[in-house]
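Report on one structure; see the data block that follows.
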Amino acid sequence: MRVTVHRKAHFNAAHRLYRKEWSFEKNDAVFGLCNNPNFHGHNYELIASVTGEIDPETGYVIDIKILKDIIKSEVEDAFDHKNLNVEVPEFKDLNPTAENIAVVIYNKIKPKLNSNFHLEITLYETPRNFVTYSGN
Ligand code: NI
């Protein structure tokens, strides 16, 4: 039986969406308010979903404490109350859109899990705007 275990987490972070090589006008046209040169913040909500077989001995797919600790060290400690563009090396040359943040989070958490697990990342940038990524 394959079951999916979900863990929710939260972080606040600031970002700016722009391309260095574009003019301010072009960045403004493409990214609008998200191109504010003084940055702006979001309350990101993360759901990490791990799918795997139930271990017949424990009854768990994954001990959720392990998942909680991975999210804390890989995401919360790295992103919470940070300026993603300035303080998080993964976004030095990568636009910190919700799409790219979800991929970065996936790439940080996936290697920490048993390779038999399927991982899906759901990332809310606002209560109504969210993205999902599960590899590829
Ligand atoms: Ni934004």
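By how many degrees, 0 to 90 and rounded to 10, does the Cα axis of helix 98-109 deviate from the longest principal axis of the chain?
That works out to roughly 40 degrees.
Under 5 Å between amide H atoms, partner at least 5 residues away or on a different chain: which partners does residue 62 have, H built in plane at 1.01 Å?
Answer set, sorted by chain and number: none.
As I understand it, the dipole of region 2-133 uses +1 on the Cβ of Lys and Arg and -1 on the Cβ of Asp and Glu, about the Cα centre. Which of 84, 9, 109 lies farthest toward its positive end?
84
Can you give the net charge of the other residues whose Cβ lies under 13 Å from the Cβ of residue 65, counting K and R as +1 and D and E as -1?
Cβ neighbours under 13 Å give a net charge of +1.
Kindly identify the chain as rounded, prolate or oblate by the Cα gyration tensor criterion: order the square roots of the eigenvalues as a ≥ b ≥ c, call it rounded if a/c is under 1.5, otherwise compare a/b with b/c, prolate if a/b is larger, else oblate.
In terms of gyration-tensor shape, prolate.
Suppose every Lys and Arg Cβ carries +1 and every Asp and Glu Cβ carries -1, with no other charges. What dipole size does the chain come out with about its Cα centre, to the nearest 20 debye?
It works out to roughly 120 debye.
Give me the net charge for the shell around residue 131: Cβ to Cβ below 14 angstrom, other residues only, Lys and Arg +1, Asp and Glu -1.
Combined, the nearby Lys, Arg, Asp and Glu give -3.
Using amide H atoms built 1.01 Å from N in the peptide plane, name the residues 5+ places from residue 80, or on other chains, whose amide H lies under 5 Å from its own.
none
Quick one: pull the percent of accessible area on the chain belonging to carbon and sulfur, 1.4 Å probe, ligands and nucleic acids left out.
51 percent
What figure in square angstrom, to the nearest 10, would you give for the accessible area of residue 90 with a 1.4 Å probe?
So the heavy atoms of residue 90 present about 80 Å² to solvent.
Calculate, for the chain, the solvent-accessible area per residue in square angstrom, rolling a 1.4 angstrom probe over the heavy atoms of the protein chains.
Averaged over the residues of the chain, the accessible area is 59 Å².
Relative contact order for region 2-133: what percent, with Cα pairs under 8 Å and sequence separation of 6 or more?
Relative contact order here is 32 percent.
Starting from the Cα of residue 68, draw a straight line to each of the lysines and keep only those under 23 Å, dropping any in the same chain fewer than 8 residues away.
Result set, ordered by chain and number: 8, 82, 108, 110, 112.
In the neighborhood of residue 88, defined by Cβ-to-Cβ distances under 12 Å, what is the net charge if each Lys or Arg adds +1 and each Asp or Glu adds -1?
-3
The values are calculated or read from the model by the stated rules, or taken from the named source; none is laboratory data. Predicted, not measured: the structure shown is a model, and the values here were computed from it. Neighbour counts run over all protein chains shown; Cβ positions are idealised from the backbone, glycine included. We work out accessible area using only protein heavy atoms, side chains counted, and drop any ligands, DNA or RNA first. Shrake-Rupley method; radii C 1.70, N 1.55, O 1.52, S 1.80 Å.
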